[in-house]
Amino acid sequence: MMTETAQRDETPVLAIKDLRIQIGGLDVVDGVSLRADRGRILAVVGESGCGKSLTALSILRLLPKAARIAEGRIELEGTDLAHLPEKDLEDIRGNQASIIFQEPIASLNPLMRVGAQVEEALRLHRGLSHAEAQREALAMLVSVGIPDPQRRARQYPFELSGGMCQRVMIAAALICRPRLLIADEPTTALDVTIQAQILDLMKRLRDEVGTSIIIITHDMGVVAEMADDVAVMYGGRVVERGPVDTIFAAPAHPYTHLLLATVPRLDGHRKSALRTIEGIVPGVDQWPKGCRFRSRCPLATDVCARRPSLDPVDATGHAAACWHKDRLREIA
Amino acid sequence: MTNPGSTLLSVRDLKIHFPIRGSQGGVVKAVDGISFDIPSGRTVALVGESGCGKSTTAYGIIGLEPVTSGSIQFEGREIAHLDKQSRRALATDIQIVFQDPSAALNPKMAIGDSIGEPLVIQGWRRDERKQRVRELLDLVGLPEAYAERTPNALSGGQRQRVVIARALALSPKLLVLDEPVSALDVSIRSQILNLLMELQKELGLSYLFISHDLSVVRHLADDVIVMYLGTVVEEGGAEALFEAPQHPYTQALISAIPLPDPRAQRSRERIILKGDLPSPLNPPTGCPFVGRCPIRIEPCGTIRPSLQPVPSGTRAACLVRAPATLAA
Ligand SMILES: Nc1ncnc2c1ncn2[C@@H]1O[C@H](COP(=O)(O)OP(=O)(O)OP(=O)(O)O)[C@@H](O)[C@H]1O
Ligand SMILES: Nc1ncnc2c1ncn2[C@@H]1O[C@H](COP(=O)(O)OP(=O)(O)OP(=O)(O)O)[C@@H](O)[C@H]1O
Ligand code: SF4
Ligand code: SF4
Ligand SMILES: [Mg+2]
Ligand SMILES: [Mg+2]
């Protein structure tokens, strides 16, 4: 078993460096740096509109037309995807790196049998014969827990439940044993008992295949369940990151602290008033200058009108972007 | 005025079935014989997975969905089969709040007019309406000036406050809340939940609270009803139900919620159910949970269990955990 530090010294599977994404001249993602290490799960967490999906989509250059990468590097095992020609990207997508989305039914091809959709990447990237691809796809459907896979493989997406479609998506995403799996809210549309199955499956595949996983979520419970490392986003920036236990036990950023405090807990005091965060998440065109959490932060002072950098809190990789980390006690 | 704790709404053996048209035929038993009471001033939560019949139950109660059979009594009066006219009169007593505040508001209408709409229908005078809208905005914590705005100038959380204000316009006794915070950001959710708790204290409201978020349910509810395939599999006080759930489905449901605490989460024994919810078109003949149950026994495939009290204080429908002999 490798120690924490040894693992971190290894070249990361993915390193995003100072990524800036613009829509209509606005920096909707503004200087984001992230790293995903081999066999580890990174959770990216934050509220609606903070730039999680755009960051995820940019990795495989799947951004919507309106958005463009204005700056930054996206290194997949050393190759900068941000500046790679489209035809080279096609060799990477579904092969070295895959992405799955929130709505499995919407992301599958409605007119294609699910078995064929799982086989597709194999035929494309590995040049397998029809029979070989079929055999591997069936084995994959078994390992993601699809009952009666022979029959299911011949069915169309509408004949499968949401949970089953998500398993098919995962099977298709993992069939080429990618080094990196990006999962954008993979269980948000599913029931909790099905969510438990899917999260369990993702962890098992990480253990067996060694895939590095980036999971995007707004659910702190899912973060606690899945993550080795956490990045908290607000207003298009990473405001805090670190090992999961540290982020939950000793958050250093006021936003992380409040986010954790607002959710009712299964062991909390029933009917007590819940902690709230004042105000609302501002729109992209209304983020304050300097620290973008300033309009809602109980600790804000004049200095917060300047942008705080994501500075290390300790030597474990824990870092936070806040001028007043030392005053966090005041809101506890 | 109803006394706090006395029964406000009483549902008995409620069934709401949907016939399926087309070659296959058949019937979806969306709600299939459920019974529960809502005491005055309390919160009763309906929980369970997608498609188990929570919304259909709610729609039956507010008269949006015709009741197939069974009884719904409001303050002792039968309301399950009322005509449209009498239903409308009942709107002063029972109101509903839906999940998506954006869909619930007319985008072209000023907030103040949206809130005042139920008052127009009940024939309130213009000046009375204005006064009441001001009171309502204040009640839900929005500035009076917002009356002039349209919904697009409001955030999701503010829109949900508007929807709640409108539901409260006629001073109802019962508020049906169908996933009222599911569409909201985490940081806004707690604001709305606090508001709901405050309003209940202040106005003595009763809530039928529908949610799939069990942490929220545990926080707010007095009583909890767990549904599976249109039936109740367990019910009881929130304390007992979360402390010591007895039905294997309730146990799986609670154990499936990821706790926002990585250390606790790692040391937790989790029950991961196999398989999906069966189709309500072909429900199993015996226990509805039989296809996914980790502790099923032979008779579960043929005998349908009924709710029976268990020593931990809840009532469960399970041949193993709550055998009928206990009831005697
Ligand atoms: N195609 C687009 N055109 C214009 N603006 C967009 C587009 N896609 C995203 N945005 C804006 O960019 C910002 C970041 O969006 P993004 O989808 O990354 O958020 P998110 O963190 O994934 O939120 P959610 O939790 O709601 O999925 C949002 O304010 C959004 O409105
Ligand atoms: N008008 C209808 N016609 C036919 N079937 C219906 C109709 N309305 C609901 N159903 C079915 O009845 C069952 C119960 O649906 P309902 O909407 O009450 O579930 P729910 O518990 O509210 O689920 P969710 O958590 O997804 O909102 C489902 O199987 C649904 O497909
Ligand atoms: S920098 Fe200032 S405004 Fe931003 S989180 Fe820290 S204290 Fe709050
Ligand atoms: S009655 Fe049988 S199948 Fe149903 S929950 Fe109990 S043990 Fe499981
Ligand atoms: Mg998103
Ligand atoms: Mg519903």
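No other residue among A:Gly94, A:Gly127, A:Gly145 is on the phi > 0 side of the Ramachandran plot, surrounded by fewer than 19 Cβ atoms within 10 Å (Cβ to Cβ) and away from ligand 2 (no atom under 16 Å from the Cβ) apart from A:Gly127.
Annotation: A:Val281 fulfils all but one of (1) assigned to a loop (DSSP other than H, G, I, E, B); (2) more than 9 Å from chain B (Cβ to nearest Cβ); the unmet one is (2).
Here is a yes/no grid of residues against (1) at pLDDT below 90; (2) within 22 Å of the chain's Cα centre (by Cα); (3) within 16 Å of ligand 6 (Cβ to nearest atom):
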residue: B:Gln73; (1), (2), (3): no, yes, no
residue: B:Glu78; (1), (2), (3): no, yes, no
residue: B:Gln85; (1), (2), (3): yes, no, no
residue: B:Asp100; (1), (2), (3): yes, yes, yes
residue: B:Ala104; (1), (2), (3): yes, yes, yes
residue: B:Lys108; (1), (2), (3): no, no, no
residue: B:Val133; (1), (2), (3): no, no, no
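Hey, does the stretch A:225-235 have a residue that's touching a strand residue (DSSP E or B) at 6+ places or on another chain (Cβ under 7 Å), modelled with pLDDT under 95 and outside any loop (DSSP other than H, G, I, E, B)? For the stretch A:225-235, residues touching a strand residue (DSSP E or B) at 6+ places or on another chain (Cβ under 7 Å), modelled with pLDDT under 95 and outside any loop (DSSP other than H, G, I, E, B): absent. Candidates in the stretch B:283-293 are the residues that are at pLDDT below 95 and within 14 Å of chain A (Cβ to nearest Cβ); of these, the one that is farthest from ligand 1 (Cβ to nearest atom) is B:Gly291.
Among the residues of the stretch B:23-60, those identified as closer than 15 Å to B:Asp178 by Cβ and either within 16 Å of ligand 3 (Cβ to nearest atom) or of a type in the set (A, V, I, L, M) (or both) are B:Ala30, B:Val31, B:Ile38, B:Val44, B:Ala45, B:Leu46, B:Val47, B:Ala58.
Based on this model, can you work out whether B:Gly230 counts as at positive phi, touching a helix residue (DSSP H, G or I) at 6+ places or on another chain (Cβ under 9 Å) and away from ligand 5 (no atom under 16 Å from the Cβ)? Answer is yes for this residue.
For the stretch A:175-193, filtered to residues that are under 20 Å from A:Pro12 (Cβ atoms) and open to solvent by 10 Å² or more (accessible area, probe 1.4 Å), the residue that is nearest to the chain's Cα centre (by Cα) is A:Asp184.
In the set (1) among the small types (Gly, Ala, Ser); (2) surrounded by fewer than 17 Cβ atoms within 10 Å (Cβ to Cβ); (3) under 20 Å from B:Val44 (Cβ atoms), B:Ala324 fails one condition alone, (3). Restricting to the stretch B:173-195, name every residue that is within 22 Å of B:Thr57 (Cα to Cα) and of a type in the set (S, T, N, Q). B:Ser182, the sole residue that qualifies. Flag: B:Ile164 does not match the condition of being surrounded by 23 or more Cβ atoms within 10 Å (Cβ to Cβ), within 16 Å of ligand 1 (Cβ to nearest atom) and among the aliphatic types (A, V, I, L, M).
When residues in the stretch A:161-206 are screened for being under 26 Å from A:Leu34 (Cα atoms) and either facing another protein chain (nearest Cβ under 8 Å) or of a type in the set (D, E, K, R) (or both), 10 of them pass.
Quick one: would you say A:Ala261 is closer than 30 Å to B:Ser255 by Cα and free of Cβ contacts under 8 Å to residues at least 24 places away in the same chain? Yes: the conditions hold for A:Ala261. Cβ-Cβ contacts under 6 Å between residues 6 or more apart (or on different chains), taken from a first residue in the stretch A:86-107 that is modelled with pLDDT of 90 or more and of a type in the set (S, T, N, Q) to a second residue that is open to solvent by 80 Å² or more (accessible area, probe 1.4 Å) and more than 16 Å from ligand 4 (Cβ to nearest atom), are listed as A:Gln96/A:Arg179. Cβ-Cβ contacts under 7 Å between residues 6 or more apart (or on different chains), taken from a first residue in the stretch A:49-68 that is touching a residue at least 24 places away in the same chain (Cβ under 8 Å) and farther than 13 Å from A:Arg237 by Cβ to a second residue that is within 16 Å of ligand 6 (Cβ to nearest atom) and not in a loop (DSSP other than H, G, I, E, B), are absent.
Kindly indicate whether any position in the stretch A:39-47 is more than 16 Å from ligand 2 (Cβ to nearest atom), within 14 Å of chain B (Cβ to nearest Cβ) and at pLDDT below 95. So far as the stretch A:39-47 goes, yes, one or more of its residues are more than 16 Å from ligand 2 (Cβ to nearest atom), within 14 Å of chain B (Cβ to nearest Cβ) and at pLDDT below 95. Restricted to the stretch B:230-249, and to residues there that are surrounded by 19 or more Cβ atoms within 10 Å (Cβ to Cβ) and within 11 Å of another protein chain (Cβ to nearest Cβ), the residue that is farthest from B:Ala45 (Cα to Cα) is B:Tyr249.
Condition check for B:Ser267 on (1) in contact (Cβ under 8 Å) with a residue 40 or more places away in the chain; (2) open to solvent by 60 Å² or more (accessible area, probe 1.4 Å); (3) not hydrophobic (A, V, I, L, M, F, W, C): one failure, at (1).
Would a scan of the stretch A:242-259 turn up a residue that is part of a loop (DSSP other than H, G, I, E, B), surrounded by 19 or more Cβ atoms within 10 Å (Cβ to Cβ) and within 16 Å of ligand 5 (Cβ to nearest atom)? Looking for residues that are part of a loop (DSSP other than H, G, I, E, B), surrounded by 19 or more Cβ atoms within 10 Å (Cβ to Cβ) and within 16 Å of ligand 5 (Cβ to nearest atom), one finds none in the stretch A:242-259, hence no.
Pairing residues of the stretch A:301-318 that are more than 20 Å from A:Val32 (Cβ to Cβ) with residues that are open to solvent by 100 Å² or more (accessible area, probe 1.4 Å), at Cβ distances under 9 Å and at least 6 apart in sequence or on separate chains, gives A:Ala305/A:Lys289. If you scan the stretch A:227-237, which residues turn out to be under 24 Å from A:Trp323 (Cα atoms) and open to solvent by 10 Å² or more (accessible area, probe 1.4 Å)? Answer for the stretch A:227-237, where residues must be under 24 Å from A:Trp323 (Cα atoms) and open to solvent by 10 Å² or more (accessible area, probe 1.4 Å): A:Asp229, A:Arg237. If you go through the stretch A:269-320 and keep only what is more than 27 Å from the chain's Cα centre (by Cα) and of a type in the set (Val, Ile, Thr), you end up with A:Thr301, A:Val303. In this structure, A:Ala224 qualifies as more than 19 Å from A:Ala137 (Cβ to Cβ), open to solvent by less than 20 Å² (accessible area, probe 1.4 Å) and either within 14 Å of the chain's Cα centre (by Cα) or not β-branched (Val, Ile, Thr) (or both).
The set of residues in the stretch B:239-276 being among the charged types (D, E, K, R) and over 19 Å from B:Ile297 (Cα atoms) consists of B:Glu239, B:Glu243, B:Asp261, B:Arg263, B:Arg266, B:Arg268, B:Glu269, B:Arg270, B:Asp276.
The values are calculated or read from the model by the stated rules, or taken from the named source; none is laboratory data. Bear in mind that the values here come from a model prediction, so they are computed numbers and not experimental data. Note that we place each Cβ from the backbone using ideal geometry, even for glycine, and neighbour counts take in every protein chain shown. Ligands, DNA and RNA are excluded from the accessible area calculation, which covers all protein heavy atoms including side chains. Shrake-Rupley method; radii C 1.70, N 1.55, O 1.52, S 1.80 Å.
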